[in-house]
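The structure appears right after this line, and notes come after that.
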Amino acid sequence: MSDGPVTRLLATARGDAVDDPFRVTGVMMQYYYVCERELWFESRNIEIDRENASVARGTRVDESSYGERTQENLRLGMISPDLLEDGRVVEVKPSSALTEPARMQLSYYLWYLDRVMDVQREGVLAHPTERRREEVSLDEDRREKVESAIRSIHAIVTAERPPEATEKPYCESCAYYDFCWV
Amino acid sequence: MDRNYHIFSDGRIERSEDTVRLETIDGEKKHIPVEHAEAIYLHGQIDYNTRLMSFLNDHGVAVHVFGWNDRYAGSLMPERGQTSGRTVVEQVRAYDDPERRQTIAASFVRGSIHNMRTNVTYYNSRDYDLGRVLEDLDDAVSRIDSTKDISELMGVEATARRAYYRTFDTVLPDSFSFDSREYNPPPNPVNALISFGNSLVYANCVSAIRATALDPAISYLHEPGERRYSLSLDIADLFKPVLTDRLLFRLVNRRQISRDDFRNEVGSCLLNEAGRTTFLKEFEQTLERTVEHPELNRKVSYQYLLRLEAYKLKKHLLTGEPYEPFKRWW
């Protein structure tokens with residue numbers, strides 16, 4: 001399998017791909033696991049402003065649960081992890097409903113720190129409203145999963161058309177619901 | 001969905017603490033709850049300042065201004081949601097491709113005629129014989145696919161609308177004779193009602209379009225206007241039969257609107273204060289009315305249907321997925 005997209009992403013991160021950049025943000029990684037169509041929309045800045053309860057909730061949990069500490073908005077190239085705590089990367093999510101996408105978003109941060117900045121870190125997935133925390137580390141299996149996701153993301157965001165809408169259990173709480181289904 | 005507020009009196013609106021205050025010229029004070037406002041419609045002479053505009057911008061509230069003869073004069077739109085270069089590029093691309101433009105324009109015409117037809121069918125089943133009009137509308141629909149350019153399509157639309165307007169003299173009482181559609185200025189009460197209603201539909205479509213980052217000046221059926229928001233004209237045509245015409249029939253036939261609700265001037269006829277108040281109240285209630293949406297599996301307001309129409313068009317432009325025009329389904 002070609003490793004083009006991963007190489008290009010690394011080159012973009014190092015500033016070597018100005019003419020042909022390929023960026024993957026944490027949110028894009030998460031969307032890839034939630035909904036490929038949403039990822040395509042996100043990649044093209046298609047914004048739908050439907051007043052949306054769960055989107056609003058996500059923002060509030062971010063801002064309120066960890067008080068002052070989140071004010072330092074970490075921006076590390078393409079990624080902006082929620083916060084670094086005792087040298088660990090912490091990803092805060094309102095609920096554990098979509099755990100795997102959040103886990104992969106966090107894994108991507110760890111991978112990015114490792115590959116782009118040569119910084120090795122452990123991760124923590126935190127659900128403050130449920131008082132649950134889960135440790136995430138970058139083993140070989142996760143590393144491969146992240147890179148394979150990067151390849152798929154590249155294929156999706158460079159496609160002319162978005163993937164077709166497919167009904168998922170959480171569609172109704174998505175900001176793009178009306179956009180997809182009318 | 002949030003509601004519209006209409007101001008007819010002359011006076012001043014300003015930000016007052018965390019709300020909007022209207023002070024009329026005769027000293028009356030009213031508050032407009034900004035949290036529940038979609039847009040504010042100014043029909044009178046109103047002063048306002050930039051502090052108010054920033055405040056309304058923060059709350060995503062639009063302002064639509066109407067001038068002489070109830071004519072739409074312009075809008076002040078919240079900044080949010082109206083900047084997307086890609087959306088505008090795709091909008092122009094579709095306009096510039098004759099085949100794509102024709103397809104989109106044909107959809108608008110198909111939807112418009114369908115919605116006219118729904119009104120005619122309704123009255124046809126209630127003691128009026130409108131079979132001839134139905135035939136003319138069906139004939140127009142059958143010609144849509146063979147039109148070769150926009151002007152032919154416009155011709156089909158115009159023929160259909162003329163046939164449709166014949167319904168009005170049949171359905172309305174003799175004291176409200178319609179004759180034909182004329183505006184600038186409207187010569188009689190029915191034309192005055194249509195003009196007023198359609199200008200409200202138009203302004204509501206501007207709001208809906210601007211909320212989606214589509215450019216309201218780039219249109220498909222109507223020529224992109226130099227001065228008008230012509231995409232609003234495209235979309236408004238779909239909704240005029242549902243929002244303006246049905247309401248007009250109801251208000252006149254139930255005598256909620258009478259000839260006393262108009263003021264006649266030389267060569268023109270306009271609703272007076274009482275008439276506008278009656279019409280507007282009912283118009284806003286219509287916008288708030290809800291209907292079960294078959295695809296979304298929830299109830300949506302008539303007003304939200306305008307927003308959905310803008311979403312559908314935007315989706316078509318950005319994804320290439322087909323655009324299905326609004327066709328009244330209930």
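The values are calculated or read from the model by the stated rules, or taken from the named source; none is laboratory data. Because the structure is predicted, anything quoted here is derived from the model rather than measured. Because the Cβ atoms are built from the backbone with ideal geometry, glycine has one as well, and the counts that use them run over all protein chains shown. Ligands, DNA and RNA are excluded from the accessible area calculation, which covers all protein heavy atoms including side chains. Shrake-Rupley method; radii C 1.70, N 1.55, O 1.52, S 1.80 Å.
Results, tabulated for the structure shown:
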| quantity | calculated |
| --- | --- |
| Every residue from the range B:58-80 that is in contact with a Leu (Cβ under 6 Å, 6 or more places away or on another chain) and open to solvent by 40 Å² or more (accessible area, probe 1.4 Å) | B:V65 |
| Residue in the range A:120-133 that is modelled with the highest pLDDT, counting only those that are open to solvent by 10 Å² or more (accessible area, probe 1.4 Å), closer than 14 Å to A:P94 by Cα and touching a strand residue (DSSP E or B) at 6+ places or on another chain (Cβ under 7 Å) | A:R133 |
| Flag for B:L318 being within 12 Å of chain A (Cβ to nearest Cβ) and modelled with pLDDT under 95 | yes |
| Enumeration of residues in the range B:71-110 that are within 13 Å of chain A (Cβ to nearest Cβ) and among the small types (G, A, S) | B:G81, B:S84, B:G85 |
| Residue match in the range B:217-229 (condition: more than 27 Å from B:P185 (Cβ to Cβ) and either open to solvent by 20 Å² or more (accessible area, probe 1.4 Å) or within 14 Å of chain A (Cβ to nearest Cβ) (or both)) | yes |
| Near pairs, Cβ below 7 angstrom, 6+ apart or cross-chain, from the range A:16-34 (at negative phi) to any residue that is small (G, A, S) and modelled with pLDDT of 90 or more | A:A17/A:A11; A:M29/A:A149; A:Q30/A:A102; A:Y32/A:A149; A:Y32/A:S152 |
| Inter-residue pairs, beta-carbon under 9 Å, first more than 17 Å from B:R246 (Cβ to Cβ) and in the range B:156-171, second modelled with pLDDT under 95 and outside any helix (DSSP H, G or I), 6+ apart | B:R162/B:S180; B:R162/B:R181 |
| Considering residues of the range A:2-31 that are open to solvent by less than 30 Å² (accessible area, probe 1.4 Å) and in a loop (DSSP other than H, G, I, E, B) only, the residue nearest to A:A102 (Cα to Cα) | A:V24 |
| Residue ranges of strands (runs of 3 or more DSSP E) in the range B:1-81 with at least 3 members in contact (Cβ under 8 Å) with a residue 40 or more places away in the chain | B:3-7, B:37-42, B:62-66 |
| Test set (1) surrounded by 13 or more Cβ atoms within 10 Å (Cβ to Cβ); (2) modelled with pLDDT of 95 or more; (3) small (G, A, S) - B:S151 fails condition number | (1) |
| Residue under evaluation A:A155, criteria (1) more than 17 Å from the chain's Cα centre (by Cα); (2) of a type outside the set (S, T, Y); (3) within 27 Å of A:I48 (Cα to Cα); (4) exposed (fewer than 15 other Cβ atoms within 10 Å of the Cβ), criterion not met | (1) |
| Inter-residue pairs, beta-carbon under 8 Å, first closer than 15 Å to B:N4 by Cβ and in the range B:287-312, second of a type in the set (D, E, K, R) and in a strand (DSSP E or B), 6+ apart | B:L287/B:R3; B:E288/B:R3; B:Q303/B:E38 |
| Selection status of B:F108, touching a residue at least 60 places away in the same chain (Cβ under 8 Å), among the hydrophobic types (A, V, I, L, M, F, W, C) and within 26 Å of B:A213 (Cβ to Cβ) | yes |
| Single condition B:W329 does not satisfy, out of (1) closer than 15 Å to B:P241 by Cα; (2) surrounded by 17 or more Cβ atoms within 10 Å (Cβ to Cβ) | (2) |
| So A:T99, is it within 30 Å of B:E295 (Cα to Cα), at pLDDT 90 or above and away from every other protein chain (no Cβ under 14 Å) | no |
| Scope the range A:144-163; condition among the basic types (K, R), out of contact with any Pro (no Cβ under 6 Å at 6 or more places or on another chain) and away from chain B (no Cβ under 14 Å); matching residues | A:K145 |
| Given (1) in contact (Cβ under 8 Å) with a residue 24 or more places away in the chain; (2) within 14 Å of chain A (Cβ to nearest Cβ); (3) among the basic types (K, R); (4) part of a helix (DSSP H, G or I), number of the condition B:R276 does not satisfy | (2) |
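Residues checked against (1) away from chain A (no Cβ under 14 Å); (2) within 26 Å of B:K148 (Cα to Cα):
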| residue | (1), (2) |
| --- | --- |
| B:F239 | yes, yes |
| B:D245 | yes, no |
| B:H293 | no, no |
| B:L305 | no, no |
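Residue-wise test of (1) more than 25 Å from the chain's Cα centre (by Cα); (2) polar (S, T, N, Q); (3) at pLDDT below 90.
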| site | (1), (2), (3) |
| --- | --- |
| B:F8 | no, no, yes |
| B:E14 | yes, no, no |
| B:T24 | yes, yes, no |
| B:D47 | yes, no, no |
| B:T50 | yes, yes, no |
| B:M53 | no, no, no |
| B:A62 | no, no, yes |
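Each row is one residue, and each column tells you yes or no for (1) open to solvent by 30 Å² or more (accessible area, probe 1.4 Å); (2) touching a Phe, Trp or Tyr at 6+ places or on another chain (Cβ under 9 Å); (3) more than 18 Å from B:I194 (Cβ to Cβ).
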| site | (1), (2), (3) |
| --- | --- |
| B:R259 | yes, yes, no |
| B:V266 | yes, no, yes |
| B:R289 | yes, yes, yes |
| B:R298 | yes, no, yes |
| B:L305 | no, yes, yes |
